[in-house]
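What follows is a single structure, written as structure tokens, with notes after it.
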Amino acid sequence: MSTTTAHSVVAPGRRTRFVAGLLVVIYALVTMVPLAWIFLTGFKTPPDSISYPPKVVFEPSLEGYVNLFTTRSRQTPEYMESLPPPQTWYEELVRSRHMVIAGPSKFGERFLNSVIIGFGSTFLSVFLGTLAAYAFSRFKVPLADDLLFFILSTRMMPPIAVAIPIFLMYRTVGLSDTHLGMIILYTAVNVSLSVWLLKGFVDEIPREYEEAALIDGYTRLQAFVKVVLPQMATGIAATAIFCLIFAWNEYAFALLLTSGTAQTAPPFIPTIIGEGGLDWPAIGAGVTLFLLPVLVFTILLRKHLLRGITFGAVRK
Amino acid sequence: MAEIRVEALKKNFGEFTAVKDSNFTVADGEFFVMLGPSGCGKTTTLRMIAGLELPTSGRIFLGGEDVTFNRASHRDIAFVFQLFALYPHMNVRKNMGFPLVCQGMPRAEIRQRVEETARLLRIDHILDKPVSGLAGGDRQRVALGRAIVRRPMAFMMDEPLGTLDSEFRDLMVRELRELHNSIGATTVYVTHDQLEAMAMADKIAVMNHGVIEQFGHPQEIYDRPATMFVADFIGSPPMNFLTVAGGLAPGARDVGLKEARIEVPELREAAPAETLMLGLRPEHIRLDDAGPLRGEVFGTEYLGTTQIVTLNVDDTQLKARLAADVRLREGETVGLSLDTARLSLFDAASGRALASARDDAVHAPRTGTGG
Ligand SMILES: Nc1ncnc2c1ncn2[C@@H]1O[C@H](COP(=O)(O)OP(=O)(O)OP(=O)(O)O)[C@@H](O)[C@H]1O
Ligand SMILES: [Mg+2]
């Protein structure tokens with residue numbers, strides 16, 4: 001096991017590298033511009049956000065963020081006059097629009113739901129996937145190939161194709177609009193990916209490692225936890241990111257199956273209404289905040305991801 | 001420390017038989033080598049002794065106890081794998097201490113044991129390094145260290161030197177044997193390299209296609225091969241074979257070639273008419289103008305102190321090991337005589353060596369210091 005990474009035999013020439021670099025930059029720009037625009041919109045005032053031509057240079061405002069977290073009501077000038085002076089900067093901001101804060105918005109709850117459901121289903125998918133992958137890789141599982149194919153086949157149609165049966169099923173058993181229901185659903189979708197990805201990683205770990213531990217007196221479970229699991233870290237990290245990204249961003253099922261207690265952020269954000277239509281700065285702010293957890297998670301696991309994303313090809 | 005006894009051991013993988021009816025006993029403290037070509041079932045045998053594979057039939061005894069169906073963890077055996085199997089997420093110290101942690105040994109004692117073992121193997125200076133950056137020889141020593149730190153009843157080693165380059169291998173061969181002499185634990189060592197086997201073993205089992213063809217001291221195996229396979233597999237260059245006229249009765253003392261009769265050790269059984277073969281090692285051939293054989297020099301290969309001379313005798317090519325200072329021209333015809341007492345006779349049909357006076361020589365077992 002050497003520490004060197006794999007290189008192509010022929011190092012690319014300068015021109016090739018330049019063209020490749022240019023393509024990457026162009027691609028990055030194309031994908032970054034919408035994100036940047038959303039990010040900027042979050043710091044605009046509602047009039048700035050819908051002005052034409054669009055404003056690239058504007059005076060930043062936190063109004064979008066304030067609107068995201070609050071519900072407000074418009075009041076008569078007389079009533080506004082009668083109020084004591086505002087206590088906080090955000091109260092002042094709201095009053096400048098002739099409104100008062102009526103209470104917190106639902107965004108906090110929806111965001112928390114996303115965290116619970118996203119991370120919960122990711123944990124479950126990876127946990128089940130790790131155990132299944134280990135079993136498929138190490139033991140003589142009867143009909144292993146057929147089972148693996150069956151597991152993969154659950155991804156051969158778009159999940160939304162079974163939306164109606166799932167909707168009816170969930171309503172019958174009372175899983176509609178529950179955290180558990182959404183966690184089970186996302187886990188069911190992700191676990192096939194997780195089993196297949198992780199099996200590749202376990203296959204790469206020589207059996208001798210566990211056998212050495214077994215001979216030294218450890219049980220199979222101890223050998224798995226102490227010897228195999230640490231070496232699977234890369235694969236687990238990569239798999240977890242894929243699972244989280246799916247569960248975090250899923251929109252269609254969330255829209256269909258959740259409406260209240262368990263609603264996640266994706267179906268909620270586009271429904272944020274301001275005066276006279278959609279509150280674009282609040283939406284921009286919501287999307288920006290919504291992106292953060294996956295971004296942080298990915299950055300934390302980046303070291304593993306870079307190696308893991310090659311699916312074990314250069315794991316050594 | 002323990003004796004290892006294997007009785008009628010057999011292993012099938014589906015239709016395929018990897019090990020056929022193996023029987024042998026490794027005495028307490030012996031260094032036993034299983035030698036054979038790739039795929040002959042050495043690793044499978046070793047894994048069955050260690051408990052990593054269950055035999056299809058047969059029994060395994062460790063220190064007199066039947067362990068055939070014991071789990072690997074309940075056999076008190078240490079295993080050194082060909083690829084070392086050092087845990088990449090632990091440093092050298094953790095790797096070596098890992099078997100002790102399992103026994104619930106106090107940390108201070110583990111530390112002391114690991115350091116003691118590391119000093120024995122001269123790796124105490126790398127104890128706190130990660131294993132990923134180690135050179136081949138050091139990895140080898142760490143793997144050995146992890147095995148001996150536990151002081152098990154027996155060691156299993158599966159081609160532990162297979163991945164080292166030849167220079168290092170020679171060094172490790174010597175170190176391994178010295179280590180064995182100092183700790184004296186029963187060892188089963190698997191290799192396909194006959195030089196390793198000859199240099200280290202107290203006893204050797206030569207395997208082929210799942211069958212142990214011969215079991216004995218290294219010299220015995222070299223001087224009195226029991227089968228043509230063993231004769232051919234051991235020795236470099238291997239034993240020469242000459243087809244000779246057969247149909248001999250017990251007590252015969254010579255065999256007929258095309259134009260000559262060759263003296264051989266006195267036969268103890270009848271020789272077959274059709275398939276008799278004379279086996280002679282390269283060093284059993286001498287240049288001798290008065291000798292019974294004539295050979296034409298085909299080529300020479302200079303090796304420093306000796307040279308390997310290829311000779312055409314009776315339409316067969318023989319390789320002879322001669323002193324390096326003898327000058328021979330290609331095409332030259334030379335007279336040859338043979339070291340009568342050490343010649344072997346085989347029945348080529350069964351591959352078996354015929355009983356003869358060759359077998360009377362007695363060999364002293366290897367003394368403690370080895371070599
Ligand atoms: N788990 C298994 N399933 C099926 N066949 C196997 C299995 N393990 C070993 N074999 C077969 O059994 C035979 C003996 O294998 P074994 O590993 O014991 O050989 P070996 O003597 O150690 O060879 P090498 O020098 O290549 O390591 C080989 O032909 C191998 O293909
Ligand atoms: Mg082997």
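See the values below:
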| item | result |
| --- | --- |
| Rounded D (µm²/s) - segment B:150-225, Kirkwood Rh over Cα pairs, Stokes-Einstein at 25 °C, 0.890 mPa s | 184 µm²/s |
| Shielding score for B:73-86, defined as the mean number of other chain Cβ atoms within 10 Å | 4 |
| Overall dimensions of segment A:141-266 by Cα: Rg and Dmax, Å | 18.4, 55 |
| Helix A:14-41 vs. chain A, principal-axis angle (Cα, 0 to 90°, nearest 10) | 40 degrees |
| Between 0 and 90°, nearest 10: helix A:233-249 axis offset from chain A longest Cα axis | 30 degrees |
| Isotropic mean projected area of the C-alpha convex hull, segment B:4-223 (nm²) | 12.1 nm² |
| Lysines whose Cα lies under 19 Å from that of A:LYS55, excluding same-chain neighbours fewer than 8 positions away | A:LYS44 |
| Burial order of peptide ranges A:81-90, A:136-145, B:183-192, B:114-123 (average beta-carbon count within 10 Å, highest first) | B:183-192, B:114-123, A:136-145, A:81-90 |
| Area hidden from solvent between A and B (accessible, protein heavy atoms only, 1.4 Å, total, Å²) | 1700 Å² |
| Helix-only CD estimate at 222 nm, as mean residue ellipticity for chain A, using -39500 (n - 2.57) per DSSP H run (n ≥ 4) | -19500 deg cm²/dmol |
| Residues whose placed amide H lies under 5 Å from that of B:MET156, excluding near-sequence neighbours | B:ALA78, B:PHE79, B:VAL80, B:VAL188 |
| Phi-based couplings in Hz for segment B:25-38 (Karplus 6.51, -1.76, 1.60; Gly and Pro marked x) | 10, 9, 5, 3, x, 7, 9, 10, 10, 9, 10, x, x, 4 |
| Only Lys, Arg (+1) and Asp, Glu (-1) charged, at Cβ; segment B:4-223 dipole about Cα centre in debye | 900 debye |
| Surface per residue (accessible, 1.4 Å probe) for segment B:4-223, Å² | 41 Å² |
| Karplus 3J(HN,Hα) series, Hz, for segment A:282-290 with 6.51 cos²θ - 1.76 cosθ + 1.60 (x for Gly, Pro) | 5, 5, x, 5, x, 5, 4, 5, 5 |
| Chain B: projected area of the alpha-carbon convex hull, averaged over directions, in nm² | 21.5 nm² |
| Helix-only CD estimate at 222 nm, as mean residue ellipticity for chain B, using -39500 (n - 2.57) per DSSP H run (n ≥ 4) | -7000 deg cm²/dmol |
| Positive dipole terminus of segment A:197-316, leading residue within A:TRP248, A:THR288, A:VAL225 (C-beta point charges) | A:VAL225 |
| Nonlocal amide H pairs with B:VAL264, under 5 Å, H built at 1.01 Å | B:ASP254, B:VAL255 |
| Hits among aspartates and glutamates - C-alpha to C-alpha of A:LYS226 under 16 Å, sequence gap 8 or more where chains match | A:GLU208, A:GLU210, A:GLU211, A:ASP216 |
| Cα-only Debye scattering, the protein assembly as shown: base-10 log of I(q)/I(0) at q = 0.06, 0.09, 0.11 Å⁻¹ | -0.59, -0.95, -1.17 |
| Reduction of at least 40 Å² in accessible surface, 1.4 Å probe, comparing all protein chains with the chain by itself, residues of segment B:24-52 | B:LEU52 |
| Helix B:92-102 axis, angle to chain B major axis (alpha carbon atoms, nearest 10°) | 70 degrees |
| For A:GLY274, distant residues with modelled amide H under 5 Å away | A:ASP279 |
| 10 Å Cβ neighbours from other chains, averaged over peptide B:147-154 | 1 |
| List of segment B:90-128 residues, accessible area with partners at least 20 Å² below that of the chain alone (1.4 Å probe) | B:PHE98, B:PRO99, B:CYS102 |
| Buried on assembly, segment A:210-225 (at least 50 Å² less accessible surface than by itself, 1.4 Å probe) | A:GLU211, A:ILE215, A:ASP216, A:TYR218 |
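The values are calculated or read from the model by the stated rules, or taken from the named source; none is laboratory data. Everything quoted here is computed from the prediction, not taken from an experiment. Neighbour counts run over all protein chains shown; Cβ positions are idealised from the backbone, glycine included. Side chains are part of the model used for accessible areas, which takes the heavy atoms of the whole protein and leaves out ligands, DNA and RNA. Shrake-Rupley method; radii C 1.70, N 1.55, O 1.52, S 1.80 Å.
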